[in-house]
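Have a look at the structure below before the remarks.
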Amino acid sequence: MDQYRVKKIIQIATQTGKIMLQNGAETYRVEDTVQRMAESRGLSEVNVFVIPTGIIISATYNDMTISLLERVNPEGIDLECIDRANAFSREFTSTEMTLEAAEERIQDLNSPPRFKKWIRVLSSGMGGGFFVLMFGGTAIEFLIGYLASSLTVLWTEALDNKHLNFFIKNILGGFAAALFGVVFVRFIGIFDLSASINTVIIGPLMTLVPGVSLTNGIRDLISGELLAGSAKIMEALFIAIALAFGVGMVLQFSLKFIS
Amino acid sequence: MIYVAQAFYSFLSVVGFSVLFNLPRRLIIAASLSGMIGWLLYFYFQSIQTTNFILPAFAGSIAVGLVGEILAAVKKHPATLFIIPGIIPFVPGYGIYYTMLHIVEKDFNSALTTGAESLFIAISIACGIVLATSFVRIIRPNLEKWLTKKAK
């Protein structure tokens, strides 16, 4: 095995880890996967260090040490990607897959099948709308929550292609969520119906709010990944600040001008 | 009756979020069931005991973690796939948002209260899941033996 092949093994392992990390896998799972993949092809002294924004790996073969740093930008949660990368890593470690075939498979991992756009929009409405009911909303608040959540997801997905800074993106998301809520509540006011703005906004915000990253961060802290855990918690905190900025703007304006 | 309604709402809500998280289609029903069980436990403990806010989230997340790990063993997929959608109903997302909103509104007392509350809810969820995961890891060899015996 020459130096070229050793390098390729490390690259394949890191790329798989990168796909898992980008789409929201836990830190220990990424470390474990990358390490197993590298060790299964005869590399020794494999050390992997994973934080939410990067992967560092170093491995030894025939007294020669190679290390690689891969920068990662988190992209949100995509469980299909994690599932596929996990299945691929198992296949890579248990069979004699050639490195060239493995590289081709990695290209496919990057573009998993997604639900059609209208299904995503309708079901995000479902996610947000039923949340309003779980928090004791009325039927009319459910309908508003449903519409506002669908529109908010449509809006944030349109923003995804613009490559905005995550802070700005979340300010705009929170702004839109609150705006749709306020506008609909004012609109039904014409027909003498009333709905509580606070209850209505729960729905669309649940699609944006970083509850999962906060919980995952604390899970990392508990399992001893202190650096990765702190980074995730800080991310959650700043997403929450951005959302509050966006929502706060709308609420201040609506208090002043509309009512 | 209210439990039936809550079960229905939480099930559909988790289905919605599973699609948003792009969960593989054939796992959506299973993940939503685990979310529903977790939320029903959360709801039950919340209705009998209003002063303690840690117990509901802790009990709910233990249930989600156990169901998720068992489903992972049965269906041969990573447990995260069932746990992330499952904890969605009681994750303190709304709490941290509210904390920040109070800060924007210069209401620091409420911000501290809601902030501490949501931090401890998040910690209890994480503890519950880690506890369930470690427990299943101990019994997993036996579980898998039982599953293969059943398959034969």
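The values are calculated or read from the model by the stated rules, or taken from the named source; none is laboratory data. This structure is a prediction, so every number in the text was calculated from the model and none was measured. Every residue, glycine among them, receives a Cβ derived from its backbone with ideal geometry; neighbour counts consider all protein chains shown. What goes into the accessible areas is simple: the full protein's heavy atoms, side chains included, and nothing from ligands, DNA or RNA. Shrake-Rupley method; radii C 1.70, N 1.55, O 1.52, S 1.80 Å.
Between segment B:89-152 and segment A:145-214, the alpha-carbon centres lie 24 Å apart.
Accessible surface comparison of A:Leu122, B:Leu41, A:Leu205, probe 1.4 Å, protein chains only, largest first: the order is A:Leu122, B:Leu41, A:Leu205. The separation of segment A:122-144 from segment B:1-75, counted between C-alpha centres, amounts to 17 Å.
Farthest toward the positive end of the dipole of chain A, out of A:Gly229, A:Val50, A:Ser123, is the Cα of A:Ser123, where the dipole comes from beta carbon charges about the Cα centre. Over 28 Å, how big is the tail of the calculated P(r) for chain B, in percent of all Cα pairs? The answer is 26 percent, as a whole percent.
Karplus-based coupling profile of segment A:191-201, in residue order and whole Hz: 8, 6, 9, 10, 9, 7, 4, 4, 5, 5, 6, with θ = phi - 60° in 6.51 cos²θ - 1.76 cosθ + 1.60 and x standing for Gly or Pro.
Taking every Cα-Cα distance in the protein assembly as shown and sorting them into 20 Å bins from zero, the calculated P(r) comes out as 26, 56, 17, 1 percent.
Basic side chains Lys and Arg get +1 at the Cβ, acidic Asp and Glu get -1 at the Cβ, and with that the dipole of chain A about its Cα centre reaches some 760 debye. Computed from the C-beta positions of B:Ile2 and A:Asn73, the FRET efficiency with R₀ = 41 Å rounds to 0.40.
Mind checking which of B:Pro89, B:Pro141, B:Pro78 has the largest fluctuation in a GNM of chain B, springs on alpha carbons under 10 Å? For chain B, modelled as a Gaussian network with Cα springs under 10 Å, the answer is B:Pro141. For the residues of A:79-85, the average number of beta carbons from a partner chain within 10 Å of their own beta carbon is 6. Going through the cross-link list A:Lys117/B:Lys75; A:Lys117/B:Lys149; A:Lys116/A:Lys162, which pairs have a Cα-Cα distance over 31 Å in this structure? Result: A:Lys117/B:Lys149 exceed 31 Å.
Going by accessible surface with a 1.4 Å probe and the largest first, A:Met234, A:Met64, A:Met37, B:Met100 read A:Met234, A:Met64, B:Met100, A:Met37.
In this structure B:His102 has an accessible area near 30 Å², from a 1.4 Å probe over the protein heavy atoms. Taking the Cα centre of chain B as origin and assigning +1 to Lys and Arg Cβ atoms and -1 to Asp and Glu Cβ atoms, the resulting dipole is close to 1060 debye. Karplus-derived 3J(HN,Hα) values for segment B:72-88, using 6.51 cos²θ - 1.76 cosθ + 1.60 with θ = phi - 60°, are 4, 5, 6, 8, 6, 9, x, 5, 3, 4, 9, 7, 4, x, x, 7, 3 Hz; glycine and proline are entered as x.
A simple spin-label model places pseudo-atoms 7 Å from Cα toward Cβ; at B:Leu131 and A:Ala101 they are separated by 4.6 nm. Shape class of segment A:3-110 from the alpha-carbon gyration tensor: oblate, with a/c at 1.5 or above and b/c at least as large as a/b.
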